[in-house]
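Chemist: Below you'll find the structure I mean.
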Amino acid sequence: MKIVECVPNFSEGRDMAIIDKITAEIQSVDGVRLLDVDPGADTNRTVVTFIGDPESVKEAAFQAIKKASEVIDMSKHKGEHPRMGATDVCPFIPVTGVTMEECVEIARTVGKRVGEELKIPGYFYEYAATSEERRNLANVRKGEYEGLPEKLKNPKWKPDFGPAQFNSRAGATAISAREFLIAYNINLNTTDTKKATEIALTIREAGKNKRDEKGKFVRDENGEPLTEPGLFTHCKAVGWYIDEYEMAQISINLTNYKITPPHIVFDKVCELANEMGMRVTGSELVGLIPLDAILQAGNYYLEKQGSSRGIPQRDVIKAAIRSLGLTEVAEFDIDNKIIEYQAMKRDGALVDMTCRAFTDELSSESPAPGGGSVAAMCGALSSALSAMVGNLTHGKPKYRKRWERVEEISMESQSLKDAFIRAVDEDTDAFNKLFACFRMPKNTKEEEEAKDKAIQEATKGATLVPLSVLEKAVRAAELALEIAEIGNPNSLSDAGVAGLTARTAAIGAYYNVLINLESITDEEFIRVTLDKAEELKEKAIEIANKVQEDVTARLKEALNNKDNG
């Protein structure tokens, strides 16, 4: 799953009709989910947040920039916030399965299209910057809209995209790729803002002024105060008092959580607060957080506790929520606060059904869900069983030497389980997409050719889903075999069933690959796909058979020993 976040800022924060026209363009693009629209009357600026796959986000961003240039007239704009265009900034942020380099490429592609098709000049900044001087947004935006006519004449500030001509209506746009920003507050059991500020100055990257033993500022030869850096890079922080909560808070912006994650800052603030005779009572997440960041926190605290990290993803998240005190001042809704969970929201998902509802739907006259979804579900059951056996082994004193490895198996099995679960709906989605192609018109030769092409592409897509399930089934079988060998013997039968369900997943997925290949005309695709499917199927069966033989022999041996005893 590839997810990119886009946070464009539009120079309109008062007229909701205009804002609605822009956000409607975003919502019209398939594959995109609008997360937040935050207008500000004083700044006359609206911050919009949406996510989706890279191609969908690119298209939505362009359409939003286009619509903004049509409905916002910068020659009439007034507002407190610095700005230079109808779409003032448009950053792209990697969330899941996407690198910063890919987001830079997205930014460059969108910028090129904006310049060529819309004739709007603009600049790339931060990671997408074409020079060090243009990396800082403040430099790029210096002079704002009013300074653009002269700025565009300066060869030093030739636009990165679009004509070097003043566009009085749209102004100029700054486009970038940047890291995700986490807005995070830590609560203290005090109303003293000064104490919160002292901790904020200690942890923030900018640091604080140096003081001597008497508490006076230390100055250089020119009389300027010397500063000492803070404890964390990519960290901005201030101390303040919140009337609503009747407590002091440390308000923090983490601009690169991969370097400075929330949980490490939280623990350090707890330590500093204790030294000052205070306690941290909890923390608060403002806006959304990437799944990776919250999982890092959960796994960090589970490891500190000596607990297995190979538990379901939601349980890891709950460990983070409890440890960080994220519910002290407000509810923490997992499905709404985590970006990836927002992206995965859908009505009527098969995996959200009860067992009875799923099997009832399966047994109906509808052709989907069918064997492909069931194969994926068998893979999920196999992985879940392997994780369970690992967790029933971890923490038991007699298996201490195996703890590290069984925890690794449980963690990988949980990830594999989640991938299989996604495939349950992906298989049905692929079939429904193919079925939609069959309903396309073919009244003309062009329509008939377009329909045939769409059917072929959709059939290939429907083939690749079970092929990916077959690939994962091999790994599920391998994990079942290993956990059967080193796991808690009291759960040996569970490891055996893990092997059996992995084999069923593999053979079931293989059947679905074969039936889809029948309708494909691309001989090279058929050859490559079939060869791969045959190899994977044989490998999965071979490993699963080893599981069956090993488990059967050991269970019978245990039974015989009991009888002989």
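Chemist: Determine the distance separating the Cα centre of the stretch 375-404 from the Cα centre of the stretch 514-565; give it in Å without decimals.
Modeler: Using only Cα atoms, the two centres lie 20 Å from each other.
Chemist: Across the stretch 304-314, in residue order, what do the Karplus-derived ³J(HN,Hα) couplings come to in whole Hz, using 6.51 cos²θ - 1.76 cosθ + 1.60 with θ = phi - 60° and x for Gly and Pro?
Modeler: So the Karplus estimates, Gly and Pro as x, are 4, 7, x, 8, 5, 8, x, 9, x, 3, 5 Hz.
Chemist: If you don't mind, there's one more thing I want to ask. When we measure straight from the Cα of K210, which aspartates and glutamates land under 20 angstrom away, once same-chain ones fewer than 8 places off are left out?
Modeler: E198, D220, E221, E224, E228, E275
Chemist: Determine ³J(HN,Hα), in whole Hz, for all residues of the stretch 449-456 in sequence, where each value follows from phi through the Karplus function 6.51 cos²θ - 1.76 cosθ + 1.60 and θ = phi - 60°; x replaces Gly and Pro.
Modeler: The phi angles translate into 5, 5, 5, 4, 5, 5, 5, 5 Hz.
Chemist: Mind checking the log10 I(q)/I(0) for the stretch 346-564 at q = 0.08, 0.11, 0.15 Å⁻¹? Debye, one equal scatterer per Cα, no solvent, two decimals.
Modeler: For the requested q values the scattering log ratios are -0.35, -0.60, -0.95.
Chemist: Another question, if that's okay. Using Cα pairs under 8 angstrom and six or more residues apart, how large is the relative contact order of the chain, in percent?
Modeler: Reported relative contact order: 9 percent.
Chemist: Same structure, new question: Of G52, C90, L118, which is farthest towards the positive pole of the stretch 3-177's charge dipole, taken about the Cα centre with +1 and -1 on the beta-carbons of Lys, Arg and Asp, Glu respectively?
Modeler: Toward the positive end, the furthest listed residue is L118.
Chemist: Follow-up question, since we're still on this one. Are there GluC sites (Glu not before Pro) in the stretch 204-244 that DSSP marks as loop and that have at most 14 other Cβ atoms within 10 Å, and which are they?
Modeler: Passing both the DSSP loop test and the Cβ count: E213, E221, E244.
Chemist: In this model, which of K318/K396; K195/K268; K345/K451; K216/K268; K67/K112; K2/K112 are farther than 19 Å apart at the alpha-carbon?
Modeler: Listed pairs above 19 Å: K318/K396; K345/K451; K216/K268; K2/K112.
Chemist: Here is a further query. In square nanometres and to one decimal, what's the mean projected area of the convex hull around the Cα atoms of the stretch 184-236?
Modeler: Result: 4.8 nm².
Chemist: Calculate for the chain the 222 nm mean residue ellipticity that helices alone would give, adding -39,500 (n - 2.57) per DSSP H run of length 4 or more and normalising by residue count, nearest 500 deg cm²/dmol.
Modeler: Estimated from H runs of four or more residues: -17500 deg cm²/dmol.
Chemist: What are the ³J(HN,Hα) values, in whole Hz, obtained from phi via the Karplus relation 6.51 cos²θ - 1.76 cosθ + 1.60 with θ = phi - 60°, for each residue of the stretch 286-303 in sequence order, with x given for Gly and Pro?
Modeler: 9, x, 9, 9, x, 4, 4, 5, 6, 5, 4, 5, x, 5, 4, 6, 4, 5
Chemist: Let me ask something else. Once amide H atoms are placed 1.01 Å from N in the peptide plane, what residues at a sequence separation of 5 or more from A86, or on another chain, have their amide H within under 5 Å of its amide H?
Modeler: Under 5 Å from the amide H of A86 lie the amide H atoms of G171, A172, each far enough along the sequence or on another chain.
Chemist: Out of the trypsin sites (Lys or Arg not before Pro) in the stretch 410-505, which ones are loop residues according to DSSP with at most 11 other C-beta atoms within 10 Å?
Modeler: Those satisfying the criteria are R439.
Chemist: Moving on to the next point. Write down Rg/Rh for the stretch 148-252, rounded to two decimals, with Rg from the C-alpha atoms and Rh from the Kirkwood relation over Cα pairs.
Modeler: Radius of gyration over Kirkwood radius for the stretch 148-252 works out to 1.21.
Chemist: Compute, for the stretch 481-565, the length of the dipole vector about the Cα centre, with Cβ point charges of +1 (Lys, Arg) and -1 (Asp, Glu) only. Units Debye, rounded to 20.
Modeler: Charge dipole of the stretch 481-565: 400 debye, to the nearest 20.
Chemist: Can you list the residues, at least 5 places off or on another chain, whose amide H is less than 5 Å from the amide H of T281, using H built in the peptide plane?
Modeler: For T281, the qualifying residues are N187, L188, N189.
Chemist: Let me ask you something else. Output the Cα-based Rg and Dmax of the chain in Å, rounding Rg to one decimal and Dmax to a whole number.
Modeler: Just the Cα atoms of the chain yield Rg and Dmax of 28.5, 97 Å.
Chemist: Given H placed on each backbone N at 1.01 Å, which residues far from F124 in sequence or on other chains put an amide H within less than 5 Å of it?
Modeler: Answer set, sorted by chain and number: T130, D160, I175.
Chemist: First obtain the Kirkwood hydrodynamic radius of the stretch 3-177 from its Cα pairs, then insert it into the Stokes-Einstein equation at 4 °C and 1.567 mPa s, and state the resulting D in µm² per second as a whole number.
Modeler: The diffusion coefficient I find is 83 µm²/s.
Chemist: Another question, if that's okay. Would you work out the relative contact order for the stretch 346-564, in percent, from Cα pairs under 8 angstrom that are 6 or more residues apart?
Modeler: Computed over the stretch 346-564, the figure is 26 percent.
Chemist: Okay, next question. May I ask you to derive the FRET efficiency for K216 and E150 from their Cβ-Cβ distance with R0 = 51 Å, giving the value to the nearest 0.05?
Modeler: With R0 = 51 Å, the Cβ-Cβ based efficiency is 0.65.
Chemist: How large is log10 I(q)/I(0) at q = 0.14, 0.20 Å⁻¹ when the Debye formula is applied to the Cα atoms of the stretch 182-343, each weighted equally and without solvent?
Modeler: With one equal scatterer per Cα and no solvent, log10 I(q)/I(0) is -0.73, -1.30.
Chemist: Compute the helix-to-body angle for 193-203: its Cα long axis versus the longest principal axis of the chain, expressed 0 to 90° and rounded to tens.
Modeler: 70 degrees
Chemist: If you filter the stretch 325-386 for trypsin sites (Lys or Arg not before Pro), then keep DSSP loop positions with at most 16 other Cβ within 10 Å, what is left?
Modeler: Sparse-neighbourhood loop trypsin sites (Lys or Arg not before Pro): K345, R346.
Chemist: What is the angle, in °, between the Cα long axis of helix 54-71 and the longest principal axis of the Cα atoms in the chain? Nearest 10 is fine, range 0 to 90.
Modeler: That helix lies at roughly 30 degrees to the long axis.
Chemist: Straight-line reach from K556: which lysines have a Cα under 17 Å away, not including same-chain ones fewer than 8 places off?
Modeler: Partners found: K546.
Chemist: Still on this structure: Give me the net charge of E448's neighbourhood, meaning all other residues with Cβ under 14 Å from the Cβ of E448; Lys, Arg count +1, Asp, Glu -1.
Modeler: Local net charge: +1.
Chemist: Let me know the charge dipole size of the stretch 346-564 about its Cα centre in debye, to the nearest 20, where only the beta-carbon of Lys, Arg (+1) and Asp, Glu (-1) is charged.
Modeler: For the stretch 346-564, the charge dipole is close to 920 debye.
Chemist: Okay, moving on. Per residue, how big is the convex hull around the C-alpha atoms of the stretch 193-266? Give it to me in cubic angstrom, could you?
Modeler: Convex hull volume per residue, Cα atoms: 111 Å³.
Just so you know, all these numbers are worked out from the coordinates, no wet-lab data involved. In this text the structure is predicted, and so the values were computed from the model without any measurement. Because the Cβ atoms are built from the backbone with ideal geometry, glycine has one as well, and the counts that use them run over all protein chains shown.
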